[in-house]
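**Q** Sharing a structure below in structure tokens format, with a few things to ask.
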Amino acid sequence: VQLVESGGGLVQAGASLRLSCAASGRTTSNRSMAWFRQAPGKEREFVAAIGWSGEITFYADSVKGRFTISRDNAKNTMYLQMNSLKPEDTALYYCAADSPFRRPTGNSREYDYWGQGTQVTVSS
């Protein structure tokens, strides 16, 4: 599975961005997927995860109510809608895919496939 993120950029606080994660190779329609992020000098942290059907989603407390994770299995693509962005959301955002038919998790070690990341920078 190859994953490619897009949609990052430089925005002002309060703005919105929509990240996409396009998968190729093996299907991701039977895999849980997630978004993680890593800010300079910090460890990679969990942002949001979604089950393979899209019915199960959960979020880090820091983004709950502002970010929405979704997926379109017909397009083999996952999304992260980010609203009310804050400077502390500045990070390199990665998408990840798990092995088939596993429940979504916020543990990065459970994910087998990773993209290269897309930069999100929020100015104050």
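**Q** Among the residues of region 11-24, write down those that are small (G, A, S) and under 15 Å from Q116 (Cβ atoms). Show your work before the answer.
**A** To start, the set of residues in region 11-24 that are small (G, A, S) comprises 13-16, 20, 22-24.
Those that are small (G, A, S) and under 15 Å from Q116 (Cβ atoms): S20, A22, A23, S24.
**Q** Then there is this: Looking for whichever is farther than 21 Å from G25 by Cα, open to solvent by 30 Å² or more (accessible area, probe 1.4 Å), in a strand (DSSP E or B) and not aliphatic (A, V, I, L, M) here; the options are T68, T105. Which one fits? Break it down into steps so the answer makes sense when it comes.
**A** On the way: T105 fails: in a strand (DSSP E or B).
When all the criteria are applied, what remains is T68.
**Q** Can you find, within region 19-50, the residue that is most open to solvent (accessible area, probe 1.4 Å) among those that are touching a Gly at 6+ places or on another chain (Cβ under 8 Å) and either of a type in the set (S, T, Y) or in a loop (DSSP other than H, G, I, E, B) (or both)?
**A** Selected residue: S20.
**Q** Of (1) over 18 Å from L3 (Cβ atoms); (2) in a loop (DSSP other than H, G, I, E, B); (3) in contact with a Ser or Thr (Cβ under 7 Å, 6 or more places away or on another chain), S62 satisfies all except one. Which?
**A** Failed condition: (3).
**Q** Just a yes or no: is a residue in region 82-91 among the small types (G, A, S), open to solvent by less than 40 Å² (accessible area, probe 1.4 Å), under 16 Å from V122 (Cβ atoms) and at pLDDT 95 or above?
**A** Pass one, region 82-91, residues among the small types (G, A, S): 84, 91.
In the following step, the residues that additionally are open to solvent by less than 40 Å² (accessible area, probe 1.4 Å) were identified as 91.
Checking the rest, the ones that are also under 16 Å from V122 (Cβ atoms) come to 91.
So of that shortlist, the ones also at pLDDT 95 or above come out as 91.
Yes, because at least one residue in region 82-91 is among the small types (G, A, S), open to solvent by less than 40 Å² (accessible area, probe 1.4 Å), under 16 Å from V122 (Cβ atoms) and at pLDDT 95 or above.
**Q** When you check S16 against the structure, is it at negative phi and at pLDDT below 95, yes or no? Let's see the steps before the verdict.
**A** Details: at negative phi: yes; at pLDDT below 95: no.
Judged against the criteria, S16 is not a match.
**Q** Under 15 Å from Q2 (Cα atoms), among the small types (G, A, S) and out of contact with any Pro (no Cβ under 9 Å at 6 or more places or on another chain): which single residue out of S108, S24 fits that description? Even if it seems obvious, please write down each step before you answer.
**A** On the way: S108 fails: under 15 Å from Q2 (Cα atoms).
S24 is the lone residue from the list that is under 15 Å from Q2 (Cα atoms), among the small types (G, A, S) and out of contact with any Pro (no Cβ under 9 Å at 6 or more places or on another chain).
**Q** Separate question: G14: touching a Leu at 6+ places or on another chain (Cβ under 8 Å) and assigned to a loop (DSSP other than H, G, I, E, B), yes or no?
**A** On the way: touching a Leu at 6+ places or on another chain (Cβ under 8 Å): yes; assigned to a loop (DSSP other than H, G, I, E, B): yes.
Taking the combined requirement at face value, the residue satisfies it.
**Q** Taking the options S53, S124, name whichever one is farther than 23 Å from V1 by Cα, open to solvent by 60 Å² or more (accessible area, probe 1.4 Å) and at pLDDT below 95. Can you show your working first?
**A** Values: S53 fails: farther than 23 Å from V1 by Cα.
It is S124.
**Q** Working only within region 108-119, note down all residues that are open to solvent by 30 Å² or more (accessible area, probe 1.4 Å) and not in a strand (DSSP E or B).
**A** S108, R109, E110, D112, Q116
The values are calculated or read from the model by the stated rules, or taken from the named source; none is laboratory data. All values derive from a computational prediction rather than experimental measurement. Don't worry about glycine lacking a Cβ; one is built from the backbone with ideal geometry, like all the others, and counts go over all protein chains shown. Areas reflect the complete protein model, heavy atoms only, side chains present, ligands, DNA and RNA absent. Shrake-Rupley method; radii C 1.70, N 1.55, O 1.52, S 1.80 Å.
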